[in-house]
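Before any comments, here is the structure.
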Amino acid sequence: MAGRIRDEDITLVRERTAIADIISESVTLRPAGGGNLKGLCPFHDEKSPSFNVSPARNVFYCFGCGKGGDAISFLMDAEHLTFVESVERLADRAGIQLRYIEAGPAPIRAQQGQKQRLVAAHAAAVEFYAGQLGTPGARAAREFLASRGFDRAAAQRYGCGFAPEGWDPLTRHLRQKGFTTQELITAGLSRQARSGSLIDRFRRRLLWPIRDLAGDVIGFGARKLFDDDDGPKYLNTPETPIYKKSHVLYGLDQAKREIAKQGRAVIVEGYTDVMACHLADVPVAVATCGTAFGADHIGVLRRLLMDTDGRGGEIIYTFDGDAAGQKAALRAFEEDQRFVGRTFIAVSPDNMDPCELRLAKGDMAVRDLVARREPLVDFALRQIISRYDLDTVDGRVEAMRHTAPLVAKIKDREKRPEYVRKLAGDLGMEIEPVQRAVLAAGSQQPPAARGDRRPADPPAPRRPEPTIDSPQSLVEREALKLALQVPVLAGPMFDALGPDAYLHPVHRAVRVAVDGAGGAATATGGAVWIERVRDACGDLAAAALVGELAVEPLRIDGEPDPRYVSITLARLEVGSVTARIRDLKSKIQRVNPVASKDEYFALFGELLSLEQHARALREQAAGGL
């Protein structure tokens, strides 16, 4: 399968993409002066525009929420795509043929747009299967959908189709469209029979197209309809270069915007449950595709939910109330610690899944099911306690032993004491033994599971850091802006002044990243250069600052020139030299000029040299910013 996209191709995509054209498709942009554009940020609510776009440098930055980057990162955030998907989308738009580097030690070879070919094959298959749904042979498929409460409009909305009778109708159809045998096998649409001939993977089944975040069909889920079909009830596309079931959630292409908007996701168990929830105005429902809900699915949802320490999402699991559903719920609690946000469970009192509930009681019942959710930890504790006879001492003690680890795992440490009290009440025990059991269970977990952190080593003494709006910080920002926005002009002079000249730690980290990107003197500017610096940042705050400085106007009317660069860098160096002079004077005061005569005069000579250098820099910086 294809590996990493060639760096030179990524650079070409960045150079040939006009970021203003990409962003203007979803954001109204107006002139903001200095050649920049401004609009309302698509990533957070705001009343006045703080979202800036620099067409000259092909980058954007929001001064309100801090998001920034190039056209690739914009698509990643706005469309919830991966880096590779964003690059491929822009490459298609610009007419660029991407080349890939295979994973591992394999040599470089061109992939000839493998993903595009596989996606195109699936698109043609969707059209073929959808057409078959209206044929006489698909009567059982239509009846199944109708029995679940889905009409023709619903079937069309979700692209439902039917795999017809016969061994190879789809295979022959796709071959006529120019797809090769290897492409059909790689896509998982066809397979080789024992005779060696190529046949369809799906036959006589109702089909649901499975789409990725960008809306491209990458696989199918197929349900058995006939009793004489000896295959499994549900049959899914096998693992392919574009379909990884551990990363895919059915319905996410339609639900992603509402998930991001509401900060909530509802996890259901099947394709019809997703359809039922969406049609019942629960548009945030998704389902796994032939596999258990796992860590990779959680990663996908966390990105959509912005599930961070500052803003946790809400995840609601729906499971049947039977034993299997209860077991799945307890398993979900084990994964609960991967989420920052709150996790809930919604179980129908009649043990019906959302599709059955909608069919029996209507759309309102589905919405009520989600509204009646309860915290997952409460459900998990209740299910475990129900296994024991609390009328006996042994039963209460065993229940305490098995529930204490769950309370110890609760992410929000401030809630644990309340759950200790609740658990003691549920068990009919005094609070002290329950509290001891929870503390003992917590001490047996690794620090990461407890949410503990090893005390950090005491920081090494260093100069006081300037505040972000101090004169020193302002001149540091200006120097960095010159390196990012006009590296051809600032290059040699900027590179000559090293990171030690920057007193603010984040500014210093950006300066180190400029060196890591090859130095300003090697750059020509634009989005490619800015992304090189951002990628070289080893600090998240520094990476965010790069995006901000890339669009922040310079503190000069008109275009910068060599004199302005010289003045800025002189003022920058004055600040660092002044700090060194201050440190040196303090050190000299601590040296005994009689007992340590040589050291004293060496330090005094260094001080005189620095003060002379500072005077020269002040003359160079005359005229200010």
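A few points about this structure:
- Meets criteria (over 15 Å from the mean Cα position of the chain (by Cα) and crowded, with 24+ Cβ neighbours inside 10 Å) for residue 285: yes
- Remark: residue 157 falls outside the filter, which requires a residue to be farther than 20 Å from residue 255 by Cα and either in the same structural domain as residue 220 (by TED's automatic domain parsing) or not small (Gly, Ala, Ser) (or both).
- For the range 154-173, the count of residues that are without any contact (Cβ under 8 Å) to a residue 24 or more places away in the chain and either outside any helix (DSSP H, G or I) or touching a strand residue (DSSP E or B) at 6+ places or on another chain (Cβ under 6 Å) (or both) is zero.
- Filtered by the rule that a residue be touching a helix residue (DSSP H, G or I) at 6+ places or on another chain (Cβ under 6 Å), of a type outside the set (A, V, I, L, M) and modelled with pLDDT of 85 or more, the range 449-490 gives 476, 478, 481, 487.
- Residue 90 being at pLDDT 85 or above and out of contact with any strand residue (DSSP E or B) (no Cβ under 6 Å at 6 or more places or on another chain): yes
- Residues in the range 10-26 that are touching a helix residue (DSSP H, G or I) at 6+ places or on another chain (Cβ under 9 Å) and either among the hydrophobic types (A, V, I, L, M, F, W, C) or surrounded by 18 or more Cβ atoms within 10 Å (Cβ to Cβ) (or both): 10, 12, 13, 14, 17, 18, 19, 22, 23.
- Residue count for the range 98-150 satisfying the condition of being part of a loop (DSSP other than H, G, I, E, B), at pLDDT below 90 and either at negative phi or hydroxyl-bearing (Ser, Thr, Tyr) (or both): 10.
Yes or no, residue by residue, for (1) assigned to a helix (DSSP H, G or I); (2) more than 16 Å from residue 530 (Cβ to Cβ); (3) aliphatic (A, V, I, L, M); (4) touching a residue at least 60 places away in the same chain (Cβ under 8 Å):
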position: 9; (1), (2), (3), (4): yes, yes, no, yes
position: 13; (1), (2), (3), (4): yes, no, yes, yes
position: 27; (1), (2), (3), (4): no, yes, yes, no
position: 31; (1), (2), (3), (4): no, yes, no, no
position: 38; (1), (2), (3), (4): no, yes, no, no
position: 41; (1), (2), (3), (4): no, yes, no, no
position: 44; (1), (2), (3), (4): no, yes, no, no
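- Flag if residue 506 is assigned to a helix (DSSP H, G or I) and among the β-branched types (Val, Ile, Thr): yes
- Of all the residues in the range 332-353, those that are assigned to a loop (DSSP other than H, G, I, E, B), under 16 Å from residue 373 (Cα atoms) and either of a type in the set (A, V, I, L, M, F, W, C) or modelled with pLDDT under 70 (or both) number 3.
- Residue satisfying condition, being over 35 Å from the mean Cα position of the chain (by Cα) and either surrounded by 21 or more Cβ atoms within 10 Å (Cβ to Cβ) or under 17 Å from residue 240 (Cβ atoms) (or both), within set 123, 155, 141: 141
The values are calculated or read from the model by the stated rules, or taken from the named source; none is laboratory data. Everything quoted here is computed from the prediction, not taken from an experiment. All Cβ positions, even for glycine, are placed from backbone atoms using ideal geometry, and neighbour counts span all protein chains on display.
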